[in-house]
1. Where residues in the range 507-533 are small (G, A, S) and more than 22 Å from D419 (Cα to Cα), which of them is surrounded by the most Cβ atoms within 10 Å (Cβ to Cβ)?
2. Could you check the range 1-55 and list, in sequence order, the residues that are within 23 Å of D170 (Cα to Cα), open to solvent by 60 Å² or more (accessible area, probe 1.4 Å) and assigned to a helix (DSSP H, G or I)?
3. Considering the range 294-304 alone, what residues qualify as being among the hydrophobic types (A, V, I, L, M, F, W, C) and touching a residue at least 60 places away in the same chain (Cβ under 8 Å)?
4. Please find, within the range 65-90, the residue that is farthest from K178 (Cα to Cα) out of those that are at pLDDT below 95 and over 27 Å from the mean Cα position of the chain (by Cα).
5. Please go through the range 685-704 and pick out each residue that is loosely packed, with under 14 Cβ neighbours inside 10 Å and within 20 Å of N267 (Cβ to Cβ).
6. Report yes if some residue within the range 85-92 is farther than 25 Å from Y479 by Cα, touching a Gly at 6+ places or on another chain (Cβ under 8 Å) and not charged (D, E, K, R); otherwise report no.
7. On the basis of being in contact with a Lys or Arg (Cβ under 7 Å, 6 or more places away or on another chain) and either open to solvent by 40 Å² or more (accessible area, probe 1.4 Å) or on the phi > 0 side of the Ramachandran plot (or both), does G413 make the cut?
8. Give the number of residues within the range 563-619 that are small (G, A, S) and not in a loop (DSSP other than H, G, I, E, B).
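The values are calculated or read from the model by the stated rules, or taken from the named source; none is laboratory data. What you see is a predicted model; the values in this text were computed from it and never measured. Cβ: placed from backbone, ideal geometry, glycine included. Neighbour counts: every protein chain shown. Surface areas here come from the heavy atoms of the whole protein model, side chains and all, with no ligands, DNA or RNA. Shrake-Rupley method; radii C 1.70, N 1.55, O 1.52, S 1.80 Å.
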Amino acid sequence: MISERIKELEQKCAKLGQSRIVSHFRKDYHSSALTVFSHLEQWEKAARAMAFAIENQDIYVYPEDRIGGRVYHTNEAPAERIDPDLDCDTGADKEFISQYPEAQELIANQLIGTGAKGHITWFFDRILSMGVSGFKEQYEKALKNAKDEEAEQFYKGVLILLDALLAFNDKHIEAYEKIGNFELAQRMKKVPRYPAETFLDAVQAFFMQHIVVMKENPYGGNGPGRLDYYLWPYLERDLKAGRCTLTEAKEIIDELFLRIDERLYGNDGWVEAIVAGGTYPNGCSAVNPLTYIMVESIMDLNILHPSVYIRLPKDPPEELIKLCARYMMSGRNRAQILYDPAVIDALVQRGTPYRDAVEYACGGCMEVGVQGMTSDFLYIGWQNTAKMLELMITGGICLKTGKRISSFHADKGLVNYNDFESFYLDFIAEAKRLTTIYLKKQDISSQYAQKARPSYLISSMIDDCLERGRNMHAGGARYHDYGGTHLALPNVADGLFAIKYAVFDKKICTASELVDALKADFSGYERLQAKLRAIPKYGMDNDEADALAARLFSDFSDMYLDYNTRWGGKGKPVILTFVYSPQAATVLGATADGRNSGKAVAHGVTPHSPSMTEGITAAINSCSKLPYRKFAGGASTMWDFDSSWANETLISQLLKVFLSKNCQIFQGNTTSVEELLDAQNSPEEHKNLIVRVGGYSARFVNLSAELQNDIISRIRHTG
């Protein structure tokens with residue numbers, strides 16, 4: 001339940017969020033770089049321009065505020081001119097095409113696609129515990145002992161940005177005093193400049209640094225991560241001292257969440273994740289009362305941001321399982337549940353020490369990174385794997401256009417293979433070549449980000465930037481990993497198994513007949529299509545089909561894991577579908593498993609909807625046979641339930657099955673198809689209907705028609 005004060009604040013924050021307040025931050029950043037700071041060296045120009053933009057942001061204060069600080073992200077005034085020295089994208093894109101001319105055709109045909117920067121968490125708790133003043137002392141000491149000029153420049157850049165953070169904070173103090181909010185003014189005189197003592201101090205210090213960091217790095221997917229983990233010690237002390245109750249703490253968290261939603265209002269795709277619960281380094285459960293408060297808060301409030309996900313430790317208590325089930329049923333399709341033993345094990349197998357792996361979090365969707373130890377390329381693109389298989393079958397001919405894609409180098413076509421194994425190995429080899437091109441793009445982008453986007457403030461809170469004297473893209477981050485996804489792998493598994501079964505094993509059809517049927521989208525080949533659809537699929541708990549799926553997922557994961565990034569990191573398979581299902585389907589012709597052209601593709605590691613004919617338990621069994629130890633970037637499942645069948649008890653039981661199979665990430669929808677169809681017809685009456693898209697949640701009526709239809713078309717599991 002929420003208090004009357006929070007109810008009023010919820011309405012006010014929504015109005016402010018909808019008011020489309022214009023920010024001049026980006027404009028200030030580039031204009032100052034081109035004028036006031038144009039004469040400076042690159043490192044200092046970047047720092048001074050960013051500090052100028054931070055300090056000159058407008059401030060918004062109200063008498064009823066208990067948490068100070070407001071910025072708005074969704075309506076930036078455009079810069080008249082962009083300083084090319086601070087533009088890390090244009091140059092990187094040009095160099096990528098220069099080095100890999102074929103990439104233009106690959107991108108145009110949606111074989112590879114780039115995502116967005118971001119997807120990172122950082123150690124904000126250090127400002128809570130040391131205060132900016134104590135944090136500055138660390139960097140001032142490091143500056144005196146800088147190992148080289150680049151380190152000296154990095155430390156100076158950090159200090160410039162820390163001063164800007166304090167200057168922006170201090171602008172609020174006078175403003176709050178002027179309107180009579182002396183209590184908050186006094187708190188902001190203390191934090192974040194000095195260490196937080198109380199829970200409210202810690203929340204205030206967190207929020208001020210958070211909004212400033214998010215102006216420096218304005219990318220959806222950057223998020224607080226383990227917020228309950230780092231705030232709990234302050235609340236625990238307050239509870240013991242009688243300074244705060246759990247009810248009062250809940251109201252503080254409610255206000256914090258409302259303020260996060262206010263600054264992102266209407267930008268559904270902007271995801272800032274809080275990952276509650278989890279495990280301590282000693283292996284014990286880190287779940288605490290604040291974990292429950294944060295989940296209850298997001299369920300109680302009529303908001304979309306922040307995303308609150310739950311990390312389940314080993315042997316989670318029944319109370320926590322029930323909370324997850326209630327969140328799935330009553331959380332308006334915002335729940336995402338991660339299982340620690342499976343995720344941590346995958347990170348350890350990747351080479352991450354357990355002490356670091358246990359700190360994992362999601363910055364945004366469901367990409368797995370280590371809190372405060374990675375650079376921000378953890379989810380930055382995708383490859384359309386189903387389209388790769390299509391071209392492998394046809395010899396490089398696009399089924400949608402009939403044109404040859406010359407950048408696809410495997411042009412033999414299925415008709416020229418005498419055995420499945422040779423076909424499969426050539427497919428893997430070509431897919432690896434294309435994936436490597438995509439990963440090379442990230443190396444180039446990182447190289448440009450090192451200079452044009454030094455990100456001094458967020459880098460100051462990432463291990464091991466301080467010790468190395470480098471920003472996160474200059475080799476400072478402990479793990480310089482790149483994450484991306486191979487879309488529609490379950491569909492590819494079904495298609496490959498159909499080829500193996502129908503063409504090579506059972507001789508149901510010849511390769512030539514299959515290719516002709518695909519070109520015709522099965523028109524005139526309905527009998528063959530029926531036979532292909534009857535072949536076992538991944539998701540039916542068929543050992544042979546599931547074994548091929550496991551092999552496929554393993555081989556595609558290795559394409560990332562075998563790649564060494566420019567600073568010694570690795571590629572990380574992040575297996576989700578996000579908003580790309582309709583996009584992938586649009587360019588995809590008919591597939592060998594009997595699927596018609598243009599139909600939706602599967603989500604994450606979830607079996608394709610038409611393949612889950614044996615029920616959800618069989619589908620989970622199939623999922624459990626995949627090589628989760630290789631999914632170091634996370635592997636999501638999407639389970640949509642018939643609302644007339646699912647209940648909290650049932651979800652609890654299914655979740656226990658999921659955990660017992662050592663799977664990683666559980667999410668889904670419980671809204672009825674009828675309500676979704678009604679929302680399509682009457683969007684004004686369903687403005688706040690939220691759905692789980694795949695890695696994030698969004699207002700249904702704000703989605704494209706293609707995405708809406710994709711969600712509607714998914715199987716609804718029932719008894």
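1. A520
2. R26, K27, R48, F52, E55
3. Once the filter is applied, which keeps residues that are among the hydrophobic types (A, V, I, L, M, F, W, C) and touching a residue at least 60 places away in the same chain (Cβ under 8 Å), the range 294-304 yields M294, L301, I303, L304.
4. The extreme case among them is E80.
5. Within the range 685-704, K687, N688, S704 qualify.
6. Among the residues of the range 85-92, not one is farther than 25 Å from Y479 by Cα, touching a Gly at 6+ places or on another chain (Cβ under 8 Å) and not charged (D, E, K, R), which makes the answer no.
7. No, not satisfied.
8. Of the residues in that region, 8 qualify.
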